[in-house]
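Written below as structure tokens is the structure these notes are about.
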Amino acid sequence: MTVHFVGAGPGAADLLTVRATRMLAGADVVLYPGTYLDPDVLDHCAPGAELVDTQGLDLDRITERLVTAHCDGLDVVRLTSGDPSLYSALAEQTRRLDDRGVPWDVTPGVPAYAAAAALAGRELTVPLVAQSVVLTRTQARSTVMPESESLAAFAATRATLVLHLAIRRVRELMGRIEPEYGADCPVVVVYRASQPDEAVLRGTVATIADAVEEAGLRQAAVILVGRALDPRSGGESYLYDPARPR
């Protein structure tokens, strides 16, 4: 059998792909990150499926559940929050499965930053303002960041910045990027995009920390920073210019 890593999207049960829902419906065993998903996501699972919440398990214990299901000839889905290409521990888990000779594949999902941008109603790449998006995180009680990936280095690009796993340090981080982005640069914080308790906070580099602290946000939030978030900014795309040869 094959272990299927499946992106569960930002959490809402109706933001999974059609392929993801089919995989869940056919799985005998489903491992899922209970901290981040709306429980309704699991309604896509078969009635008799074994459901395993991984929030209290380390990677070795998760791997053993995957390997055991495979050896028992069972279809197994490993759900990840958002998309498996970002902060999903896919690399660590698949290395372990490769060492055990267990086949696996990956099904993408809606990433959290895309759900956050949709809820905010903003494009992250606006002509003449920003044509790049930096997806990154900060390091506190987590794995050390590579030396070349400092926040200051990314801020110097003035691209649209997406910060994951950073909500508890928002005041400090805004202070670090203010020299490049400016105190008046727009910031949007999205908490649990697409879930029943979702929330959107809008402000600037100078003001957003106050809003976050007043709201009491401590986890599951994405921070968007950049001039592209201003709906009045930007030029017109050459792609749609009526004067462009077609």
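Annotations for the structure displayed:
- Residue check for Ala89: farther than 23 Å from Val189 by Cα and under 13 Å from the mean Cα position of the chain (by Cα): yes
- In region 1-53, the qualifying residues are those that are among the small types (Gly, Ala, Ser) and in a strand (DSSP E or B), and the one that is surrounded by the most Cβ atoms within 10 Å (Cβ to Cβ) is Gly9.
- Count of residues meeting criterion [part of a helix (DSSP H, G or I) and buried (at least 21 other Cβ atoms within 10 Å of the Cβ)] in region 54-82: 4
- Flag for Ala228 being closer than 25 Å to Gln131 by Cβ and either not assigned by TED's automatic domain parsing to the domain that holds Val41 or not in a loop (DSSP other than H, G, I, E, B) (or both): yes
- Selection within region 188-204 - β-branched (Val, Ile, Thr) and surrounded by 21 or more Cβ atoms within 10 Å (Cβ to Cβ): Val188, Val189, Val190
The values are calculated or read from the model by the stated rules, or taken from the named source; none is laboratory data. Here the structure is a predicted model, which is why all the values come from computation and not from measurement. A quick note on method: Cβ atoms are made from the backbone with ideal geometry, for glycine too, and the neighbour counts reach across all protein chains shown.
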